[in-house]
Amino acid sequence: MCMKKRVTEKWVFLVMAVFGMCANAFAADNLSDSEKILRLTSEAMKEAVWYMPAEVAEIVKKDDKKYFIVSIQNRQEYDAGHVPGSVLVSVDFNEPEKMAKQFPQDKKIIIVSSNGQEACKVSLLLRQLGYDSGILLLGMNSYNRLYAGSGAYTGDIGGELSTSPLEPEAKESVSSYSDKSARELVIEKTAEYAAANRPFEVTAYDLVKLDDAVLISMQKAEDYAKGHIPGTINIPGADFLNGDKRLLQLPKGKKIIVTCYLGHYSSMGAMLLNQMGYEAYSLRWGASGWNIKLTEDISSMLTAGMGLGVEKQTH
């Protein structure tokens, strides 16, 4: 009798375990397209993706073959001065897979742009597609500001600050469902965003004129509490790129402006939201473009740079 009971219990346990596994698999497969993109991004962004100027200069000095340094400066600015050894590549989000094939999959990729913001968009996409990519923090603006060209930091507008928190309105999540993989969706949605031919950022002056837009600050909660751009809701960068569920509940019919400290996190955040079907823009230079008081501890990197040696291209 006891033997029969033990055998029965064993089979019940096995059946329940199998059922549980199937249920979990079904739940995973039942994610919306936006949830798939969020999950992929969360996995891709677990590691730090920033390189400091001195760190890149040391890699250049050692000629460290583990790294592949690329520049996405425009041709004129690249010729005028770039990180030594960096390879100029073209960026075209209309063909994400073709663009990604310019980069090696067996090296650590360091992307250099004039100020780091465009590089963040490229790095996010590459990480979503399985590459080990990062950016030079603040790009040529921090490496050698004389060669940042049109991307050089030009100051803030002295915008007003607020310490009053704003809670986002809870909206019903609206998203499509398909049998496409997260990778397929990232490629498809990135191309769709590029085809819309919208600018990827707005300036602080643009922000002043905007009405009825949703403003999101990616500041840390404690920094947001000390001061932020009026009217912004707070979704900290770590939560944002870790797939915060609030990203599924934003209004689809409004412009969304994303801000952070320097315009780096917000460039990634806006790119992600555009992949999810929103109309999103990064605030150029983030809080630093609005009011430098929000980033006083790092302002020297914006206005001085390291003055490191560059390489020039002659034809």
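The values are calculated or read from the model by the stated rules, or taken from the named source; none is laboratory data. A quick note: this is a predicted structure, and the numbers were derived from the prediction, not measured. All Cβ positions, even for glycine, are placed from backbone atoms using ideal geometry, and neighbour counts span all protein chains on display.
Residues of the stretch 42-66 being out of contact with any helix residue (DSSP H, G or I) (no Cβ under 8 Å at 6 or more places or on another chain), surrounded by 15 or more Cβ atoms within 10 Å (Cβ to Cβ) and within 17 Å of Asp106 (Cα to Cα), which ones? Across the stretch 42-66, the qualifying residue is only Ile59. Considering the conditions (1) under 16 Å from the mean Cα position of the chain (by Cα); (2) crowded, with 23+ Cβ neighbours inside 10 Å, Trp290 is excluded by exactly one of them, (1). The lone criterion from (1) surrounded by fewer than 11 Cβ atoms within 10 Å (Cβ to Cβ); (2) modelled with pLDDT of 95 or more left unmet by Ser181 is number (1). Against the definition (free of Cβ contacts under 8 Å to residues at least 24 places away in the same chain and of a type in the set (A, V, I, L, M)), how does Ala213 come out, yes or no? Taking the combined requirement at face value, the residue does not satisfy it.
Residues checked against (1) in the same structural domain as Ser123 (by TED's automatic domain parsing); (2) at pLDDT below 80; (3) surrounded by 18 or more Cβ atoms within 10 Å (Cβ to Cβ); (4) of a type in the set (Phe, Trp, Tyr):
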residue	(1), (2), (3), (4)
Cys2	no, yes, no, no
Val15	no, yes, no, no
Gly20	no, yes, no, no
Leu40	no, no, yes, no
Phe68	yes, no, yes, yes
Leu88	yes, no, no, no
Phe93	yes, no, yes, yes
Lys101	yes, no, no, no
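Here are Thr154, Thr203: which of them is surrounded by fewer than 22 Cβ atoms within 10 Å (Cβ to Cβ), over 19 Å from the mean Cα position of the chain (by Cα) and more than 20 Å from Ser90 (Cα to Cα)?
Thr154
Can we say Lys255 is farther than 19 Å from Leu137 by Cβ, at pLDDT 95 or above, surrounded by fewer than 19 Cβ atoms within 10 Å (Cβ to Cβ) and not aliphatic (A, V, I, L, M)?
yes
Matching residues to (1) in contact (Cβ under 8 Å) with a residue 24 or more places away in the chain; (2) over 19 Å from Ala48 (Cα atoms); (3) assigned to a loop (DSSP other than H, G, I, E, B); (4) out of contact with any Phe, Trp or Tyr (no Cβ under 6 Å at 6 or more places or on another chain):
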site	(1), (2), (3), (4)
Tyr261	yes, no, yes, yes
Ser267	yes, no, no, yes
Ile298	yes, no, no, yes
Gly307	yes, yes, yes, yes
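For the stretch 234-244, the criterion of being assigned to a helix (DSSP H, G or I), touching a residue at least 24 places away in the same chain (Cβ under 8 Å) and in contact with a strand residue (DSSP E or B) (Cβ under 9 Å, 6 or more places away or on another chain) is met by at least one residue.
Of all helices (runs of 4 or more DSSP H) completely enclosed by the stretch 108-201, which ones contain at least 1 residues that are within 25 Å of Lys293 (Cα to Cα) and either in the same structural domain as Asn234 (by TED's automatic domain parsing) or aromatic (Phe, Trp, Tyr) (or both)?
By residue number, 139-143.
If you go through the stretch 78-90 and keep only what is under 20 Å from the mean Cα position of the chain (by Cα) and within 22 Å of Ile59 (Cβ to Cβ), you end up with just Val89.
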